[in-house]
1. All but one of (1) open to solvent by less than 30 Å² (accessible area, probe 1.4 Å); (2) within 16 Å of the ligand (Cβ to nearest atom) hold for I280; state the number of the condition that does not hold.
2. List the residue pairs whose Cβ atoms are under 7 Å apart, where the first residue sits in segment 319-330 and is more than 16 Å from T67 (Cα to Cα), the second is at pLDDT below 95, and the two are 6 or more positions apart or on different chains.
3. Given T262, T274, T286, which one is among the hydroxyl-bearing types (S, T, Y) and within 16 Å of the ligand (Cβ to nearest atom)?
4. I'd like the full set of residues that are buried (at least 22 other Cβ atoms within 10 Å of the Cβ), under 14 Å from L83 (Cα atoms) and not polar (S, T, N, Q), limited to segment 325-349.
5. Residue by residue through segment 127-155, note down the ones that are within 15 Å of the ligand (Cβ to nearest atom) and closer than 17 Å to G93 by Cβ.
6. Do the conditions hold for G69, that is, is it within 16 Å of the ligand (Cβ to nearest atom), at pLDDT 95 or above, in contact with a Ser or Thr (Cβ under 6 Å, 6 or more places away or on another chain) and within 15 Å of I300 (Cβ to Cβ)?
7. Would a scan of segment 190-209 turn up a residue that is surrounded by fewer than 22 Cβ atoms within 10 Å (Cβ to Cβ), in contact with a Ser or Thr (Cβ under 9 Å, 6 or more places away or on another chain) and part of a loop (DSSP other than H, G, I, E, B)?
8. What is the residue count in segment 424-444 for residues that are in contact with a His (Cβ under 8 Å, 6 or more places away or on another chain) and assigned to a helix (DSSP H, G or I)?
Amino acid sequence: MTRWLVLIAAVAVPLVMTDSVSAQAKRPNILVIVGDDMGYADVGFHGCRDIPTPHLDALAKSGVRFTNGYVTGPYCSPTRAGLLTGRYQQRFGHEFNPGGGPNAGLPLSETTIADRLKAAGYATGLVGKWHLGGAEKFHPQRRGFDEFFGFLGGAHSYFPEKRGGRTILRGTEPADEAEYLTDAFGREAVAFIERHKAKPFFLYLAFNAVHTPMHATDERLKRFASIADEQRRTYAAMMAAMDENIGRVLGKLRTEKLEENTLIAFISDNGGPTMKGVTINGSINTPLRGSKRTTLEGGIRVPFVLSWKGMLPTGKAFESPVIQLDLLPTALAAAGIETKPHAKLDGVNLLPFLTGKVTSQPHETLLWRFGQQMAIRHGNWKLVRYDTAADGAKPGLTKYKLYNLADDLGESHDLAADKPDKVKELEALWKKWDAELAKPLWGG
Ligand code: CA
């Protein structure tokens, strides 16, 4: 019997040398960078001309850019809740931005990526915007982060003299911060890497750029003097600040020779706010239609990059749909951390899809619910009900619209009347998922 066990073990070990196990010895660092309210069109790797983003472009070139990269909602806090848990946030009632109430925040029932990586021995840090609850029990350092530098709410002034009563925190204490906020976040991210470069670290670098308020430094505004529209000029200067600071962080990884041992992800938390009814920032979502706060592509499809030198392909465009929920299982697999089946994750480990070990698609179906708005993408078909304000009308709700994204990326040819069976099929899939969701814990 013992002999058999030895034999089985000898045979089984090579068979279980999967991506996650083979990566375990290296235990890569995990760096997740989030931009806020970026337009889909506003990065060089999507063809942007008036705002150079050389560092983001270099990051995209160093790895995989996702042409069908999504987030689970059109608003800041819900997509961050999905990002940090790997679960559709509507499963636990985090459907809308939390207000300031004592119970509005990422439910304590949920385990974050920081909890999981910390438990595995990672040094964990958040630099930037939290937006997952302002009460003490929701503080980042109670949700898996060893260190925190940033702010707890959804938006923040960039200049100290304009901050009013709101504060930047280091841990739980107010920080006397004098720098332009995006530069301060870049500085703190570099310092975090310096402090923890000797051991595996997880850094969540969540910029509030390019979210309002529209504050930019004079030096950067001068660089964009040729942009006539003042709001777009300020947006460009804010984007340049974020890109520069991403460059500082990537430069630090290079200097410390950590590039080959760091998995880097970049996303925007939702699409650019371009329509009436949201606080616009000068962003552009073309060729997508719609805006932040809609379930049209412009609200939920975002710039999305994954890079890991030596482990993932370079300069690759991955066309199959992926979603920010995938970053947690991807990071855990890279770190060699098993996720238990009871974790009930909705995301999938993207590594085998990107290396070509698996040739199917990561997701056949992706789903959205944002109050009365909804969407489902099934293959290239999309069924959507969205805010009529996106069409220039008063806020309300459209009927079901059916689009084929393969040849109608801009969602302009509604096929619902022509294909009622397809509408029914997608509606049934969506309703099945909808029935699994919780009621929102707070209003939208
Ligand atoms: Ca946002």
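1. (1)
2. P329/T339
3. Working: T262 fails: within 16 Å of the ligand (Cβ to nearest atom); T286 fails: within 16 Å of the ligand (Cβ to nearest atom).
Residue meeting the stated conditions: T274.
4. From segment 325-349, those buried (at least 22 other Cβ atoms within 10 Å of the Cβ) are 325-335, 347, 349; that's our starting set.
From what's left, under 14 Å from L83 (Cα atoms): 325-332, 347, 349.
Those that are buried (at least 22 other Cβ atoms within 10 Å of the Cβ), under 14 Å from L83 (Cα atoms) and not polar (S, T, N, Q): L325, D326, L327, L328, P329, A331, L332, G347.
5. Result: H131, L132.
6. no
7. No, there is no match, as no residue in segment 190-209 is surrounded by fewer than 22 Cβ atoms within 10 Å (Cβ to Cβ), in contact with a Ser or Thr (Cβ under 9 Å, 6 or more places away or on another chain) and part of a loop (DSSP other than H, G, I, E, B).
8. So the count comes out to 3.
The values are calculated or read from the model by the stated rules, or taken from the named source; none is laboratory data. Remember, it's a predicted structure, so these values are computed and weren't measured experimentally. All Cβ positions, even for glycine, are placed from backbone atoms using ideal geometry, and neighbour counts span all protein chains on display. Remember, those area values only see protein heavy atoms, side chains included, never the ligands or the DNA or RNA. Shrake-Rupley method; radii C 1.70, N 1.55, O 1.52, S 1.80 Å.
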